[in-house]
Amino acid sequence: MNTNRIMDRGWYWVDEQARRTTLALARRLSRRNFLSRLGLLLTGAAALPLLPVARAFAQETTLREVGDPQSCEYWRYCALSGQLCSCCGGSHRTCPPGAEPSPITWVGTCRNPLDEREYLISYNDCCGKAACGRCGCHNTEGDKPVYFNSNSSTVLWCFGVEHTSYHCTVALVLGESNQ
Amino acid sequence: MRLIIFVASLVLVSGAFAQIPPEEITMETMPEHGTNWFIIKSGNGARIFSAETGEMFGTISLSSRTPAVAPYLPRGEFYAAESYYSRGVHGDRTDLVAIYDYANLNPVAEIEIPNHMARLGVRNHLGLLGNGRHLAVLNMNPGYSVSIVDVIDREFVYEMSTPGCAIILPVAENDFLLICGDGTLQLSQLDISGFEENRVRSEVFFNVQEDAVFDRTARTADGWLLITHAGVIFEVSTDDDEINISEGWSIVGEDEAGWRPGGFEFLDVHRANGLLYVAMHEGPVDTHHDPGDEIWVIDLASQRRVHRLELEDPADHLTVTQETSPKLIVGTSSGDTEIFDAVTFRHERTIDAPGASMYEDF
């Protein structure tokens, strides 16, 4: 019985503190201020699902690496199937002029020969132009069939872009695979 | 004087033409369908050939993103899923099922479908169901779904969601199986109008991470043959709403470690003879798209290999015609189309067909 009473008092104290805090805020802040902060919160929540995708493009890598990004042997391309943007006016991390990067990708795991660590690689397609046609590359390390499309290099990943024709592919490091 | 010479030469020239009747250009129509015909699909069309003579009869022009073409001789029609942009590679996108006639190989009807078509050259991204009425087209957006089209009434029926499952394997009259990423098969049974009436999932029978079933398959006498990256075979069939999956068995012997199936459309079955033809190569894990240095011929009933066909030029694609004297058609890495007798394995001819990416028995 005593326990229940103590808990009731505890809840009453929480309610009372919340009431006082709300009243104090209401006196200090305008209604518009509240709405603006609420809007900010909602916008932030809406952006949350996009974060892994946006991060793929925003990342500034300081990775130590060697190799020729115009060669299919470049370590990041271990699971890449497509045409290398680095041969088409872009680079291994950038789309050629006017080709729209697809935010949806397939992901492979490649070993960096310099540090012998494995990294998650995001293979983003660049879209909206005719296929580049240069530096075709078809590597299949960890590749899965098309019915398991998140790990399938065969799939064209021009989704979520205005024009869905395939142009070429880039390879972005997302992080170490064990992180 | 010059005028006189000019007039005289005109008279002479016109006299020369008057001596033979002028030729007129006309247009062929397709001859009657013959033995061991097949289709060579490339990036922009489907060309019809005879494996007996090597002769080409005509072309169906297709969109560059057409997965496959499905012939249906009883109605003299071909069905293809196509995807176009209004300005070539940009502009408004239109996905559709096009119907081509046999006589002229020209489009005679088209049915618009949702712009979600999976635009990959995979034979089983398109399947005409057993009743010859419903065509199933695989979508990827990027989740999987299937568009059902009534090719007799020329109308789109509906788009059914098939999360995690792709590869259309028609069974029975109006049903199809799909291969799912969780290691199962899904059976979808349609009603007479083409709407899904029943959906059944099999038990898990493979692990996609350890040894995935290929997304390339072969039709058998009563169902489909699936093969894993390591060469384990499963034969699947249905009995109404039951999915039957055979015990897996390997085509690779204990002393043949390292040999693997691989390529693109790299296997087929001669259904009457019960023989599997599969391109094989030696290589490590994850070389499942490497072309085959050999074609292994497997008797499915006894589960024994009956022949190894060594190739000078490795094979990316193959098919076998279903005639009583079948031909084995092999697409090589260098782009040639080689024709073999599928029983004696004797090489018969090479067909020049640049860009061949898939074969279809016809």
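Picking from B:Ile295, B:Ile339, which residue would you name as being closer than 25 Å to B:Leu226 by Cβ and assigned to a strand (DSSP E or B)? Don't jump to the end; show me each part of the working.
Values: B:Ile339 fails: closer than 25 Å to B:Leu226 by Cβ.
Just one listed residue meets the conditions, B:Ile295.
Do you know which residues across the range B:281-295 are within 20 Å of the chain's Cα centre (by Cα) and not acidic (Asp, Glu)? Walk me through it before giving the result.
Narrowing the range B:281-295 to residues within 20 Å of the chain's Cα centre (by Cα): B:288-292, B:295.
Residues satisfying the conditions are B:His288, B:His289, B:Pro291, B:Gly292, B:Ile295.
Quick one: would you say B:Glu173 is of a type in the set (D, E, K, R), in contact (Cβ under 8 Å) with a residue 12 or more places away in the chain and not assigned by TED's automatic domain parsing to the domain that holds B:Gly130? Lay out the reasoning, then the answer.
Values: of a type in the set (D, E, K, R): yes; in contact (Cβ under 8 Å) with a residue 12 or more places away in the chain: yes; not assigned by TED's automatic domain parsing to the domain that holds B:Gly130: yes.
For B:Glu173, the condition - of a type in the set (D, E, K, R), in contact (Cβ under 8 Å) with a residue 12 or more places away in the chain and not assigned by TED's automatic domain parsing to the domain that holds B:Gly130 - is met.
Condition check ((1) crowded, with 21+ Cβ neighbours inside 10 Å; (2) within 21 Å of B:Glu256 (Cα to Cα); (3) under 20 Å from the mean Cα position of the chain (by Cα)) across all residues:
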position	(1), (2), (3)
B:Ser302	no, yes, no
B:His317	yes, no, yes
B:Glu323	no, no, yes
B:Val330	yes, no, yes
B:Glu348	no, no, no
B:Gly355	no, no, yes
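If the requirement is being within 21 Å of B:Gly43 (Cα to Cα), at pLDDT below 95 and of a type in the set (Val, Ile, Thr), which of these qualifies: B:Val97, B:Val122, B:Val137? Break it down into steps so the answer makes sense when it comes.
On the way: B:Val97 fails: at pLDDT below 95; B:Val137 fails: at pLDDT below 95.
From the options B:Val97, B:Val122, B:Val137, the qualifying one is B:Val122.
Answer yes or no: is there a residue in the range A:137-157 that is farther than 26 Å from B:Ala230 by Cα, within 21 Å of the chain's Cα centre (by Cα) and aromatic (Phe, Trp, Tyr). First the steps, then the outcome.
Going through the range A:137-157, the residues farther than 26 Å from B:Ala230 by Cα turn out to be A:157.
Filter once more, so that each one left must be within 21 Å of the chain's Cα centre (by Cα): A:157.
Now restrict to residues that are aromatic (Phe, Trp, Tyr): A:157.
Yes: the range A:137-157 contains one or more residues that are farther than 26 Å from B:Ala230 by Cα, within 21 Å of the chain's Cα centre (by Cα) and aromatic (Phe, Trp, Tyr).
Of B:Asp211, B:Asp182, B:Asp241, which residue is away from chain A (no Cβ under 14 Å) and surrounded by fewer than 21 Cβ atoms within 10 Å (Cβ to Cβ)? Walk me through it before giving the result.
Values: B:Asp211 fails: away from chain A (no Cβ under 14 Å); B:Asp182 fails: away from chain A (no Cβ under 14 Å).
So the residue among B:Asp211, B:Asp182, B:Asp241 that is away from chain A (no Cβ under 14 Å) and surrounded by fewer than 21 Cβ atoms within 10 Å (Cβ to Cβ) is B:Asp241.
Looking only at the range B:185-195, decide whether some residue is out of contact with any helix residue (DSSP H, G or I) (no Cβ under 7 Å at 6 or more places or on another chain), within 27 Å of B:Ser246 (Cα to Cα) and within 11 Å of another protein chain (Cβ to nearest Cβ). Before you say what the answer is, go through the steps one by one.
Step one: filter the range B:185-195 for residues out of contact with any helix residue (DSSP H, G or I) (no Cβ under 7 Å at 6 or more places or on another chain), giving B:185-195.
Retained after the next criterion (residues that are within 27 Å of B:Ser246 (Cα to Cα)): B:185-190.
From what is left, the residues that are within 11 Å of another protein chain (Cβ to nearest Cβ) are B:185-186.
There is at least one residue in the range B:185-195 that is out of contact with any helix residue (DSSP H, G or I) (no Cβ under 7 Å at 6 or more places or on another chain), within 27 Å of B:Ser246 (Cα to Cα) and within 11 Å of another protein chain (Cβ to nearest Cβ).
Starting from residues that are hydroxyl-bearing (Ser, Thr, Tyr) and either surrounded by 22 or more Cβ atoms within 10 Å (Cβ to Cβ) or outside any loop (DSSP other than H, G, I, E, B) (or both), keep the ones in the range A:153-179 and report whichever is nearest to the other protein chains (Cβ to nearest Cβ).
Here the answer is A:Ser165.
If a residue has to be away from every other protein chain (no Cβ under 12 Å), of a type in the set (Gly, Ala, Ser) and closer than 13 Å to A:Gln83 by Cα to count, how many in the range A:113-152 make the cut?
The total comes to 1.
For the range B:95-126, how many residues meet the condition of being of a type outside the set (Asp, Glu) and either away from chain A (no Cβ under 14 Å) or touching a residue at least 60 places away in the same chain (Cβ under 8 Å) (or both)? First the steps, then the outcome.
Kept after step one, since they are of a type outside the set (Asp, Glu), are these residues of the range B:95-126: B:96-100, B:102-109, B:111, B:113-126.
After this cut, where a residue has to be either away from chain A (no Cβ under 14 Å) or touching a residue at least 60 places away in the same chain (Cβ under 8 Å) (or both) as well, the list is B:96-100, B:102-109, B:111, B:113, B:121-124.
Of the residues in the range B:95-126, 19 are of a type outside the set (Asp, Glu) and either away from chain A (no Cβ under 14 Å) or touching a residue at least 60 places away in the same chain (Cβ under 8 Å) (or both).
The values are calculated or read from the model by the stated rules, or taken from the named source; none is laboratory data. Quantities reported herein were computed from a predicted structural model and do not represent experimental measurements. Note: ideal-geometry Cβ built from the backbone for every residue, glycine included; neighbour counts use all protein chains shown.
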